[in-house]
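The values are calculated or read from the model by the stated rules, or taken from the named source; none is laboratory data. Everything numeric here is computed off the predicted structure, so don't read it as measured data. As a convention, Cβ positions derive from the backbone with ideal geometry for all residues, glycine included, and neighbour counts pool all protein chains shown. Areas reflect the complete protein model, heavy atoms only, side chains present, ligands, DNA and RNA absent. Shrake-Rupley method; radii C 1.70, N 1.55, O 1.52, S 1.80 Å.
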Amino acid sequence: MDEVITASDASAALRAASSEPSIIPTNIPLLSALLSLALAQFLKLFTSWYKERRWDSGKMLGSGGMPSSHSATVVALAVSIALQEGVGASSFAIALVLACIVMYDATGVRLHAGRQAELLNQIVCELPPEHPVSSIKPLRDSLGHTPLQVVAGAVLGCIVAYLMRSPS
């Protein structure tokens, strides 16, 4: 005898199959954020080569530079949540506020701290060799981002989130 599968049977089977844990994570906002972070860090290799004409693999792990990986990460998270849950969701509001704070901090406090470190390094280099401070390790001066670097990271985050969106 032939079995007839009703729509409710099919949807129940689909729900049961989709509730089982998967080896591949399906949290699209998280995956978008992590992919944006990795891609931005990888792109720093090429942008630093273009600027300095030398390969520096250390740029992949460092902060600062073009594009801003922090901006790419938080914008990808916010845009993914907006695409998945809508702009009325509380989680989108949290992600948007987080993105604004991170991008403001990157162009404000962190950028100016990096500029101060650059100036302090220059002052220390001009000290006589017998001065006790002249032998200290230079401060990291690539901490923050210019507004262009932040915008580039944000655009990258938007593109990754859009490409990673769930099919509807």
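Considering only region 13-54, state which residues are closer than 19 Å to Met164 by Cα, modelled with pLDDT of 70 or more and either of a type in the set (Val, Ile, Thr) or loosely packed, with under 10 Cβ neighbours inside 10 Å (or both).
Scanning region 13-54 gives Thr26, Ile28.
To keep it simple, each residue is scored yes or no on (1) open to solvent by 20 Å² or more (accessible area, probe 1.4 Å); (2) of a type in the set (A, V, I, L, M, F, W, C).
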position: Val75; (1), (2): no, yes
position: Ala78; (1), (2): no, yes
position: Ala82; (1), (2): yes, yes
position: Gly86; (1), (2): yes, no
position: Ala93; (1), (2): yes, yes
position: Asp105; (1), (2): yes, no
position: Leu111; (1), (2): yes, yes
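Quick one: in region 113-126, which of the residues that are more than 24 Å from Pro147 (Cα to Cα) and open to solvent by 40 Å² or more (accessible area, probe 1.4 Å) is nearest to the chain's Cα centre (by Cα)?
So, considering only residues that are more than 24 Å from Pro147 (Cα to Cα) and open to solvent by 40 Å² or more (accessible area, probe 1.4 Å), the one nearest to the chain's Cα centre (by Cα) is Gln122.
From the list His145, His131, which residue is modelled with pLDDT under 85 and either open to solvent by 90 Å² or more (accessible area, probe 1.4 Å) or within 30 Å of Phe46 (Cβ to Cβ) (or both)?
His145
If Gly64 passes every condition in (1) part of a loop (DSSP other than H, G, I, E, B); (2) open to solvent by 60 Å² or more (accessible area, probe 1.4 Å); (3) at pLDDT below 85 but one, which one does it miss?
Of (1) part of a loop (DSSP other than H, G, I, E, B); (2) open to solvent by 60 Å² or more (accessible area, probe 1.4 Å); (3) at pLDDT below 85, only one is false for Gly64: (2).
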